[in-house]
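Single-structure report; data block below.
The values are calculated or read from the model by the stated rules, or taken from the named source; none is laboratory data. Since we're looking at a predicted model, the values are computed, not measured. Here Cβ is always computed from backbone atoms with ideal geometry, including for glycine, and neighbour counts include all displayed protein chains.
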Amino acid sequence: MTTRLIEVRANILRENDVLARQLRERFHQAGVSVVSFVSSPGSGKTTFLETLMARLASRYRIAALVGDLATENDATRLQRACPQVRQITTGTVCHLDAKMIAAALEDWTLEDLDFLFIENVGNLVCPSSYDLGEQMRVVLLSVTEGEDKPLKYPTIFNTADVAMITKIDLAAAAEFDREAARRSILSVRPGMKILEVSAKTGLGMEGAEAFFASLRAAVARL
């Protein structure tokens, strides 16, 4: 039985990787910058994304896909920053996969977009195995989660390109050791880009906005 389960899982991941490569080529041909966000529940993904999209919306054409087990609450929130948002409700599935992304984009014209943001289901385990065809994956860690989270969940940090420490305005109150958190991140993924932000106060948001703008510029040159 164990062998059979491993074979089924391997086939699922293989199929996902094939579709993810097709999506990545589709995104490349359309010239759209695709960024996914992963984190545990309550890290501030939606708040950060809503704030970032509001800051970028005047200069870029933006859309977002949002994954949750239930409700359309996050999609409703993001629509305040950008009208083109679609919710992907996964039921009992703890991650998004390439097939879900492809289905959600079926009637969208990607050539009309500069950015496509994908907010994954709140989970630090399941999403690490599933390529979505994105050009960049950002993993978020809030100051209330502890400095050793990267050591406990190394795979998700290893599969991400950027680490973002959120709710940085609460660092002192949470007795969060920023340098210890950075050491944890870099011990798992040496050289990883690390951003510190507070979507609530705006601290670090200018730098985050500039970072994603530079990503867009790089994609546009390809």
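List of remarks:
- Pairs with Cβ under 6 Å, 6+ apart, first in segment 123-142 and over 16 Å from Pro41 (Cβ atoms) and of a type in the set (Phe, Trp, Tyr), second at pLDDT below 95 and surrounded by 23 or more Cβ atoms within 10 Å (Cβ to Cβ): none
- Of the residues making up segment 133-146, those that are out of contact with any Leu (no Cβ under 6 Å at 6 or more places or on another chain) and either hydroxyl-bearing (Ser, Thr, Tyr) or surrounded by 20 or more Cβ atoms within 10 Å (Cβ to Cβ) (or both) number 9.
- In segment 28-49, the residues that are surrounded by fewer than 21 Cβ atoms within 10 Å (Cβ to Cβ), in contact (Cβ under 8 Å) with a residue 24 or more places away in the chain and not β-branched (Val, Ile, Thr): His28, Ala30, Gly31, Ser40, Pro41, Gly42
- Residue check, Ala199 farther than 23 Å from Arg59 by Cβ and touching a residue at least 24 places away in the same chain (Cβ under 8 Å): no
The rows are residues; the columns are (1) part of a strand (DSSP E or B); (2) of a type in the set (Asp, Glu); (3) within 15 Å of Val35 (Cα to Cα).
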| site | (1), (2), (3) |
| --- | --- |
| Gly67 | yes, no, yes |
| Ala70 | no, no, no |
| Ala75 | no, no, no |
| Cys82 | no, no, no |
| Gln87 | yes, no, no |
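- Flag for Gln84 being surrounded by fewer than 17 Cβ atoms within 10 Å (Cβ to Cβ), out of contact with any Ser or Thr (no Cβ under 9 Å at 6 or more places or on another chain) and polar (S, T, N, Q): yes
- All positions within segment 100-111 that are in a loop (DSSP other than H, G, I, E, B) and in contact with a helix residue (DSSP H, G or I) (Cβ under 9 Å, 6 or more places away or on another chain): Leu105, Thr109
- Candidates are the residues of segment 87-107 that are in contact with a strand residue (DSSP E or B) (Cβ under 7 Å, 6 or more places away or on another chain) and not β-branched (Val, Ile, Thr); the one that is surrounded by the most Cβ atoms within 10 Å (Cβ to Cβ) is Leu96.
- Taking segment 112-195 as the region of interest, the helices (runs of 4 or more DSSP H) fully inside it that hold 1 or more residues being within 12 Å of the chain's Cα centre (by Cα) are 154-158.
- Number of positions in segment 147-162 that are of a type in the set (Val, Ile, Thr) and loosely packed, with under 15 Cβ neighbours inside 10 Å: 1
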